[in-house]
């Protein structure tokens, strides 16, 4: 049975981006590519993505800044649903569907598309919370960076009961996998 | 050399109390008394305490509610400095000093009193942050409960660089010890 997973990095105090919407505090850390909860092993199990518009625009701003749209290279080769009520820039040759439907409707589409593989809620915290509200979130998988930020974009802006399933260290990070308790 | 330690429990999203100032989300979890980072082993190494007035009043409200002040039993048998600009209720037969001095002055007093043992910054997050600002905080030791709260009292309302020194599991909790990087 495919799982719906919120996989993200967070500061120790629960922020996924700092007050300037930067990830500099994250990318400066050491991580072992083959270590516990590494991205390669995780993404190999994922068949579809869902993300909010802020996450989508963050990718556009940070990965494609200064480049001609024809040269934009979308980092995922699986279908991605982007929640938005706005007209957003389109990345060429990417499997992206913009949607303003509710999370349950989109969830059905992602699960159908993912087949036996999992659905990754890329971010942000409020979108992951909406999936949890709809009882559609199965796992929260975090890499905890050794820093507090004191503010920024919250990891999960909800009260959600979890159960610790796996814990390990990867480079500078504490990595933990939680089941959502329903 | 004695260390100045901020030892606390936190939700996964970095709150030490929920929006109602409750710890119900914390006390409902399982913890092994002899497990990693257990309180008994920790407090045995502590020679003096410092806390903010909110933490002090939380203890009064939750430990002593409905009891005659003569029956209040202060949970610590080592000297404790309480930061406040107000007149607070006094616990009989407790080694408590109310202070409105700056953290550096109080730190000197706690270290002098603790001897070879450590100083515990009991809370809250802003007081621990003030010690960090003054470059007087050595360690952040957290028990991470398997829950997100979505709001409440922040773990540490500052940007603070850390290094992960120890990681383990104790019952329902992920427990981690960090050095403060200066």
Subject >> Histogram of C-alpha separations across the stretch A:1-40, 10 Å bin width, % >> reply: 23, 47, 26, 4
Subject >> Most mobile listed residue (A:145, A:94, A:70) in chain A, GNM with C-alpha springs under 10 Å >> reply: A:70
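Pop out the Kirkwood hydrodynamic radius of the protein assembly as shown from its pairwise C-alpha distances, inverse of mean 1/r, in Å to one decimal.
Evaluated over the protein assembly as shown, this radius sits at 22.1 Å.
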Original post:
How large is Rg/Rh for the stretch B:121-182, to two decimals, with Cα atoms and a Kirkwood Rh?
Top reply: 0.97
**OP:** Give the Rg (one decimal place) followed by the Dmax (whole number) of the stretch B:4-157, computed from C-alpha coordinates and expressed in Å.
**Re:** 15.2, 40
Original post:
Can you list, shortest first and in nm, the gaps between the label point of residue A:97 and those of its counterparts in the other copies, using a point 7 Å from Cα in the C-beta direction?
Top reply: 6.7
**OP:** For the stretch A:19-58 and the stretch A:77-137, write down the distance between their C-alpha centroids in whole Å.
**Re:** 16
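Give me the percent relative contact order of chain A, please, defined on Cα pairs under 8 angstrom at least 6 residues apart.
Details: 348 pairs, mean separation 68.0, N = 182.
It rounds to 37 percent for chain A.
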**OP:** Would you mind telling me the antiparallel percentage of the DSSP bridges in the stretch A:4-157, rounded to 5?
**Re:** 10
**OP:** May I ask for the Rg/Rh ratio of the stretch B:13-68, computed from Cα atoms with Rh as the Kirkwood radius, given to two decimals?
**Re:** 0.99
Original post:
What number, rounded to the nearest 500 deg cm²/dmol, is the helix-based mean residue ellipticity at 222 nm of chain A, given -39500 (n - 2.57) per DSSP H run of at least four residues and division by all its residues?
Top reply: -6500 deg cm²/dmol
Subject >> Cα convex hull of the stretch A:45-121 - mean projected area over all directions, nm² >> reply: 5.0
Subject >> Protection proxy ranking, peptides B:57-65, A:7-15, A:59-67, average beta carbon neighbours within 10 Å, highest first >> reply: A:7-15, B:57-65, A:59-67
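Every number here is computed from the coordinates shown, using simple stated rules; none is lab data. It should be emphasised that the depicted structure is a prediction, and the values quoted were computed from it without experimental measurement. Heads up, the Cβs are rebuilt from the backbone with ideal geometry, glycines too, and the neighbour counts pull from every protein chain shown.
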